[in-house]
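Notes for the one structure printed next.
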């Protein structure tokens, strides 16, 4: 009888596929049902948008680990992006502002670009994790379009994950609800659920589930760092790329995160999680503002802080690319015109204490002009350069997987463009990685196109083999602490050594003292 049911189910599925093909739908069979995609701008590329990888986290599933998506019958259209996860917009004056999109808690979806025509092609898979300070962003931003990378042979996935208070709220009641005695970190569990979906389904798109690269920028790079640190993601990816973001600083404990969550619930007049779940998403978002809801050391997903996990060699040991940009701070923390060297020096002395004199040796600030330069260089090195060098250094200590460091300083030759005024600012490398200059601001010349072609080739090569090097590309040396070599991605592409070395060495000592004090 069971065999008969199974046979009938297969006949029904075959009939559904046949009907879809007769209707001209380019359908793919997933573990939840059939989806129909669409052709890309390049007709050789197929695109599938808004595919659910988990159940909508609404009602009792708000602030709960993601549950599997429900199956559907027939062919589900996958020809438009889903609503984005709840978020507040960037200020209109921000370089990162874009027009608001429809929002929903039902947002745990992903998008796929593939040029494969058969499931047995086993192309390398690249899973992009968007940035936005863990409070903003989505997988459907135009510059993240995966078509160019798919044309170079990758199967590309972009995704949404819960943001801000929806993705990271911890609370004592939520901890008691959990069978793991933890709460918060739901957005990271979303990423893991998406990677589990990739393992189960990417073969249907011609992707190789054993050659998955996770890559992200800014907060997306933080998440790549967290995923390398957690055993829950073990085996779900085989390579990692981090662009301008890692989490080697201090982290909140679960108790601290619970306390912040309790205060937030009280601020909304909610005396229980049930009452907080009854609030509308719009109300929760409004009250959250841009408050801090960071990941926490919950004892399950993250048993220790990220630095300790890497220090003891307990991370997922996979090949790594990591790097940062030369002008990270120009778009993130503009120097106020009214700010003075005196005010800047006071702030540094308060923050760095007995390290302040060493700071000023590295970053002189005797005049307003010097202080402005020190402001930008200090933020670049503290928040980005030190993090990324630390990442490749800690990864190479295992002796098993290669790491590759880069430093992006390329500025378009058009000096009048908006991009050129900011220099090699935070996130300016993304359009080159995706080879999507036409989907970015400003005009583009031959040198822009050459850089985009090179960077996207390095990234796809790495996804394919674990090494970015390839034919007709300048050699990219693997990282060794002694030589401290990186690939300089500037007006020329060449090896560079000890990029901002004295500053990063100083920060090594400063952060070491902070860790020792915290113990």
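Values quoted throughout were computed directly from the atomic coordinates according to the rules given, and no laboratory measurement underlies them. This structure is a prediction, so every number in the text was calculated from the model and none was measured. Neighbour counts are summed over all protein chains in view; Cβ atoms, including those assigned to glycine, are modelled from backbone coordinates with ideal geometry.
Relative to its Kirkwood radius, the Cα radius of gyration of segment 380-519 gives an Rg/Rh of 1.01. Between rounded, prolate and oblate, where does segment 249-383 land on the alpha carbon gyration tensor, with a ≥ b ≥ c its root eigenvalues, rounded for a/c under 1.5, else prolate if a/b exceeds b/c? The shape class here is oblate. Annotation: average projected area of segment 437-519 is 8.7 square nanometres, based on the convex hull of Cα atoms across all directions. Relative to one another, the C-alpha centroids of segment 277-334 and segment 101-172 are positioned 17 Å apart.
With a ≥ b ≥ c taken as the square roots of the eigenvalues of the C-alpha gyration tensor of segment 75-234, please select rounded if a/c is under 1.5 and otherwise prolate if a/b is larger than b/c or oblate if it is not? Because a/c hits 1.5 or more and a/b fails to exceed b/c, segment 75-234 counts as oblate. Over the chain, DSSP H runs of length four or greater, each weighted -39,500 (n - 2.57), average out per residue to a 222 nm ellipticity of -10500 deg cm²/dmol.
Give the separation of the Cα centroids, segment 37-71 to segment 494-519, in Å. The distance from the Cα centre of segment 37-71 to that of segment 494-519 comes to 41 Å. Taking Cα atoms only, the orientation of helix 341-352 departs from the longest principal axis of the chain by about 70 degrees.
Inter-part distance, segment 194-253 to segment 358-381, computed on C-alpha centroids, equals 35 Å. Rounded to the nearest 5, what % of the DSSP beta bridges within the chain are antiparallel ones? DSSP beta bridges in the chain are roughly 35 percent antiparallel.
Exposure proxy shown here: for 516, 44, 243, the number of other Cβ atoms within 10 Å sets the order, fewest to most, as 516, 44, 243. When a/c reaches 1.5 or more, the comparison of a/b and b/c decides; with that in mind, is segment 44-115 rounded, prolate or oblate per its Cα gyration tensor? Cα axes put segment 44-115 in the oblate bin. Here the simple spin-label model places points 7 Å from the Cα toward Cβ, and for residue 475 and residue 449 these points are separated by 3.0 nm. Could you give the angle, 0 to 90 degrees to the nearest 10, between helix 446-465's Cα long axis and the longest principal axis of the Cα atoms of the chain? Compared with the principal axis, the helix lies near 60 degrees.
Taking the C-alpha atoms only, the angle from helix 219-229 to the longest principal axis of the chain is near 80 degrees. Exposure proxy ranking for 444, 426, based on other Cβ atoms within 10 angstrom of each Cβ and starting from the fewest, stands as 444, 426.
As a ratio to 2.2 N^0.38 Å, the alpha-carbon radius of gyration for segment 183-312 is 1.21. The translational diffusion coefficient of segment 2-518, from Stokes-Einstein at 4 °C and 1.567 mPa s with a Kirkwood hydrodynamic radius over alpha carbon pairs, comes to 54 µm²/s.
Among 480, 342, the ranking by other beta carbons within 10 Å of each residue's beta carbon, starting with the fewest, stands as 342, 480.
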